[in-house]
Amino acid sequence: MRLVTALLVLVTLASTRVAFAQGMDLRQASGVPLPAADIPAGTVSVRVVRGSFANNLAGVDVTFEVNGKTTIIKTDGSGRAQVSGLAAGTRLKTSAVVDGERLESQEVTIAGTGIRFVLVASGGAAPGTAVPSTPSLPATSGTITIGPESRIVTDYSGERLNFYYVLQLVNSAPTPVDIGGPLIFELPREARGAALLDGATKQATVNGTHVTVVGPFAPGATPVSVGFELPFSGDTAHVRQSFPASTGPITVFALKSGTLDMQSPQFSSRQSTVEQGQPLVVGLVPALRAGEPLSFEVTGLPHYAVWPRNVALGAAATCIVVGLWAAFSPRRRRAA
């Protein structure tokens with residue numbers, strides 16, 4: 001199973017932010033490049049936070065080192081600073097200083113998608129020091145959304161079509177919220193072997209094709225990551241998925257091999273690119289309403305003609321019939 005390679009190549013690049021979001025040490029994802037189809041190619045966006053995505057840091061100087069030349073841009077109210085118009089092949093690295101703590105990104109080479117970074121400050125604590133926890137607050141009635149950092153990744157390997165949902169459940173309120181019950185969504189009914197992935201919240205469980213996430217939901221992001229196999233016949237797999245909460249834009253990645261491709265009338269953009277040596281097909285789906293289905297096709301899948309198998313089964317059946325006739329016919333003649 002290419003979960004290790006596929007997700008370390010892509011989800012570490014495209015979804016690490018979600019896997020380490022709420023309740024884990026987000027600093028492990030600090031400075032990791034995240035390909036983003038929802039911003040133009042040649043654009044690099046940096047988000048500076050303290051401890052978690054609930055604590056954006058405005059007014060921080062972010063240094064963009066572009067081919068050895070530096071540009072400094074202050075973060076806005078959402079903690080973001082951005083540069084754009086970078087040519088393919090440009091080498092870039094970013095950094096910021098928060099309360100004397102220097103935060104640096106990995107160096108990247110601009111390719112066919114936009115790039116996001118998150119730089120995570122620990123509040124001035126020494127490296128390795130845990131971020132102090134905040135007191136528990138009572139939950140209030142509210143809603144959650146599926147955030148724009150959510151990803152769907154598909155990968156064909158070992159004659160299996162695997163899917164990985166890396167979702168970010170976002171509570172934008174400053175206190176925990178109770179949505180009136182658990183959040184439940186159904187995977188495609190053909191899904192097999194569904195299981196939670198590393199980094200998923202302990203609030204989530206999987207039973208067959210049912211994914212249940214119990215509340216209350218803490219402020220910020222709650223990561224729900226689940227993988228499954230989707231059987232298919234022919235060279236095309238049809239995927240239809242609805243979510244019980246409204247979503248931001250969702251990026252769908254296919255790790256390209258052979259003639260594998262993706263198509264959907266719901267893609268607002270679609271492109272082929274290469275990230276860290278891995279060919280990808282990237283589709284961007286605009287925001288969806290709760291219950292509105294997302295439908296797309298994975299095409300160009302390897303498949304095998306079924307007629308040789310049918311001929312072999314027919315021949316085997318004929319042999320069995322002839323064998324039974326040969327075994328029992330003499331006995332019947334002797335009895336007569």
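Throughout, read-outs are computed from the coordinates displayed, never taken from laboratory work. Note that the structure is a prediction, hence the values are computed from the model and not measured. Virtual Cβ from ideal backbone geometry, glycine too; neighbours counted across all protein chains shown.
Summary table
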| item | result |
| --- | --- |
| Rounded, prolate or oblate (a/c below 1.5 giving rounded, otherwise prolate when a/b exceeds b/c) for segment 140-299 by Cα gyration tensor | prolate |
| Exposure proxy order (Cβ contacts within 10 Å, fewest to most) of LEU86, LEU167, LEU294 | LEU294, LEU86, LEU167 |
| Proximal aspartates and glutamates to LYS74, defined as alpha-carbon separation beneath 14 angstrom and excluding residues fewer than eight positions away on the same chain | ASP61 |
| Ranked list, fewest to most other Cβ atoms within 10 Å of each Cβ, for GLU159, GLU65 | GLU159, GLU65 |
| Among 196-203, 66-73, 223-230, 261-268, the order from most to least packed when residues are scored by Cβ within 10 Å on average | 223-230, 196-203, 261-268, 66-73 |
| Rounded if a/c under 1.5, otherwise prolate or oblate - segment 228-295, Cα gyration tensor axes | oblate |
| Burial ordering of THR140, THR43, THR75, fewest other beta-carbon atoms within 10 Å first | THR140, THR43, THR75 |
| Cβ crowding within 10 Å averaged over residues, with 251-259, 283-291, 173-181 ranked highest first | 251-259, 283-291, 173-181 |
